[in-house]
1. If you wrap a convex hull around the C-alpha atoms of the chain and split its volume per residue, what is the figure in Å³?
2. So who's got an amide H within less than 5 Å of the one on Tyr103, skipping anything under 5 residues away but keeping other chains? H placed 1.01 Å off N, in plane.
3. For the chain, modelled as a GNM with alpha-carbon contacts under 10 angstrom, which of Ala211, Ala73, Ala198 fluctuates the most?
4. Could you size up the charge dipole of segment 105-201 around its Cα centre, putting +1 on the beta carbon of Lys and Arg and -1 on that of Asp and Glu, and report it in debye to the nearest 20?
5. May I ask you to derive the FRET efficiency for Ala284 and Arg166 from their Cβ-Cβ distance with R0 = 35 Å, giving the value to the nearest 0.05?
6. For the chain, give the share of DSSP beta bridges that are antiparallel, in percent and rounded to the nearest 5; count only bridges with both residues there.
7. Between segment 38-70 and segment 270-294, how many Å separate their Cα centres?
8. Could you rank Trp109, Trp216 by how accessible they are, 1.4 Å probe, largest area first?
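The values are calculated or read from the model by the stated rules, or taken from the named source; none is laboratory data. None of these values were measured; they are calculated from a predicted model. Positions of Cβ are backbone-derived with ideal geometry, glycine not excepted, and every protein chain shown enters the neighbour counts. The protein model used for the area step is the full one, side chains on, heavy atoms only, and it has no ligands, DNA or RNA in it. Shrake-Rupley method; radii C 1.70, N 1.55, O 1.52, S 1.80 Å.
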Amino acid sequence: MKIAVARYPVGSPASFDAFAARQAEVLGEAAAQGARIAVLPEYLSLELAASFGRPVFSDLAASLAAIQQYRQAWLALFSRLARELDMHVVAGSFLLDTGNGRYRNRSDWFTPQGTQLWQDKLQLTGFEKKTGLIDPGDALKVFEIDGVRVAVAICYDSEFPLPVRRQYEAGARLLVVPSCTDTVAGATRVRIGCLARALENRMFVAQAVTAGLAEWSPALDVNTGEAAIYAPMDVGFPADGVLAQTREAQLWAYADLDFAAFEASRGRAQVANDRDWPAQQQPALAQAVVLRAD
């Protein structure tokens, strides 16, 4: 199964039609390379705020309210593209109105059969908390697609091991991470989180990122990092855990994921973090003993 992850340069579409045309072009490129799954970045929907003019796009609350009118068109667009391209499309994330001026950061997964699946972001960053507008999700999901179980962890969620562990225990062997970071430190944190989740769960992790400057937007102003696909740092995989990564102006990074071979390789692994995980939970390790050295 070939997967594509985007390093997506943030644009400023003048209309939904302009946005839709670009998505068709971008995703068409991934499909032409044989991708079965294509992953777009977090906050993709905020690009649409540009279509409403400065009084809206320069204000986050106004932007979130305005883009809701595109929700049904968003669902129709990505559902159609997934079907036409015969490809699973992870459409980054959409800040979805849940009522009373509150929003959830939702990642929609569209299948080639026309099904829409979704995972909300569970952990909010400092920026998201300070907005006073965004709420965390309250459900953890695993999807079964093409005979493989997959899961989504939106950006900051990739830095928390226990929810991802629960997804792994439910059978997920691919973790998809749509992300958006505005500093090198933030990009590094998400990258390390992805590598750690790949190591401790012995799973593939695929991260998409935003790129470039969008100074018109209070949320998408600066964007950093590289899109990448990760594997455990073990026998049969790259020593640094990076199967593929974007470079410079490259839009997509691609990797072929062989899940059957991946499972078979467990017997040759140098370490077994996934199987040794329960050893952390023995009663003797439930609490640290403090010893005084004086």
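1. Values: hull volume 47.0 nm³, N = 294.
Output value, Cα hull per residue: 160 Å³.
2. Thr98, Ile134, Asp135
3. Ala73
4. Result for segment 105-201 is approximately 200 debye, rounded to the nearest 20.
5. So, using R0 = 35 Å, E works out to roughly 0.90.
6. Details: 28 of 47 bridges.
That works out to approximately 60 percent antiparallel.
7. One Cα centre to the other: 45 Å.
8. Working: Trp109 0, Trp216 50 Å².
Putting Trp109, Trp216 in descending order of accessible area: Trp216, Trp109.
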